[in-house]
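FYI, it's all coordinate maths here, none of it is from the lab. Small disclaimer: the values here were computed from a predicted structure and weren't measured. Cβ coordinates were reconstructed from backbone atoms using ideal geometry, including for glycine residues, and neighbour counts include every protein chain displayed.
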Amino acid sequence: MNEAWNDFTHEHGPGIQGRREILKSAAAVFAAPMLAGVAEGAQSPQHASAAAKGPFPARAYGVAGAKAPFAPMRIERRALRPNDVLIDILYCGICHSDIHIARGEWGTSRFPCVPGHEIIGRVQAVGSSVTKFKAGDMAGVGCIIDSCGVCENCQADLEQYCVKGWTLVFNTPDRVSGGLNFGGYSDKLVVAEHYGIRIPPGADLAATAPLLCAGITTFSPLQHWKVGANQRVGVAGLGGLGHLAVKLAVARGADVTVFTTSPGKVDDARRLGARAAVQWGDAEAMKRLENQLDLIISTVPKGYSIQPFVNLLKVDGTFVNVGALDDLEPLSGRALISRRRNVAGSVIGGIAETQQVIDYCAARNIKADIELIRPDQISQAYDRVVNKDVRYRFVIDMSSSKEAA
Ligand code: NAP
Ligand code: ZN
């Protein structure tokens, strides 16, 4: 994500001037006055008068550096532009990508860093030309909050492959004003309406938030490779993405096999709807599965030897990596040629497809298995995710930040 997952060109990159802006903006974070609430006019039921006049302070949880613990901080949100909405954040999921960036593992981090890209909240105010939302609506925001809008990929609703590079909701300069942006571990967010996702009435908000990244990231390959009933799908890594991959593939009638390094998750895999769960390194099971699978979605967050998994693909089968940015080990040309096998990658999904997964899941009551935490538990939650000890997504209850921060 951001430069790491983006074919990020300099059109959206900070440049020298932009970098100065980021530094200024970062300084402003700490200089922001410690006001108790948001800008007065932003409370307006319809249009955001005061929030439209200038940047306003918000509460957030972030890190000052790659080794720093999470701490409350004050940030600024931009003044509402005519097509912006102001969202009062209720819940934000914790994705492993937040961890990679907050801990500086991708080499693209900028500090202070306020992660969070599985955001759900209530629209508090809207800019003068907004038509998609009105005050009081529930809205979601995932990874993408801007893209060029005119390239062939944006035109095809594939903003995640914008040729000029899309803007991640945090850790990235704002394309208009240049300042570093901040994500959903916060009480407020300002975002252009196009990048807001409508949340259907009655949705379980906390358990729906993870669909905005983990859900769309696993839904998109199932759509792209047209997975249907009776096809065989493998899911490697049973974490936040992996458990939703299982639920979404099962919902399509696929026959799902989970590959896990955690013996304790075998029963869970079946409870989630998988037919089988194979422990990493079970050579016999891997042998039995050779040439059997149509699609494998790998959510493993690090590079590893994928050859044993590629060997499980049948003719025209595809191994799709969504987890690791690292190099994947060399592959046998023979293994690819002999079964016309494909090795692919995929990043999140466009805005239209994100709306689609939200609506699809609402109609089928598909949601994430979550553990709700307070903002002061984020650092511990990060350690637990890295230790594969989350069942299966932490979601921060941001309403508790209102007392804590
Ligand atoms: P997660 O909750 O930590 O799940 C990852 C799972 O992978 C773990 O629970 C574990 O499952 C397995 N695993 C195998 N080897 C591991 C290792 N060495 N360290 C940690 N876990 C290991 O993470 P997530 O939020 O699902 O994200 C997974 C990866 O996808 C991350 O790298 C994230 O950055 C990336 N991501 C990509 C996209 C995209 O658009 N392509 C979107 C979101 C996230 P078992 O216990 O079952 O082995
Ligand atoms: Zn994510």
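So the values come out like this:
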quantity	calculated
Among D316, D137, D204: highest mean-square fluctuation, GNM of the chain, C-alpha pairs under 10 Å	D316
Pairs of Cα atoms farther than 18 Å apart, the stretch 150-266, %	65 percent
Cβ-defined net charge surrounding F309, 12 Å radius [Lys, Arg +1; Asp, Glu -1]	-1
Mean residue ellipticity (222 nm) of the chain, computed from DSSP H runs ≥ 4 via -39,500 (n - 2.57), nearest 500	-7000 deg cm²/dmol
10 Å binning of all Cα-Cα separations within the stretch 86-151, expressed as whole percents from 0 upward	19, 37, 31, 12, 0
Principal axis dimensions, the stretch 214-345 - Cα atoms, whole angstrom, descending	37, 30, 29
Using distinct alpha-carbon pairs, which all enter the 1/r mean, Kirkwood radius of the stretch 272-368 in Å	15.2 Å
Counting DSSP beta bridges with both ends in the chain, the antiparallel % (nearest 5)	55 percent
Separation of alpha-carbon centers, the stretch 101-123 and the stretch 322-362, rounded to whole Å	23 Å
Selected from S109, S379, S129 as most flexible by GNM, with the chain as the system and alpha-carbon contacts under 10 Å	S129
Given 14 as the ceiling on other Cβ atoms within 10 Å, longest exposed-site-free region of the chain for GluC sites (Glu not before Pro) in DSSP loops	12-289
Cα radius of gyration and Dmax for the chain (Å)	21.0, 66
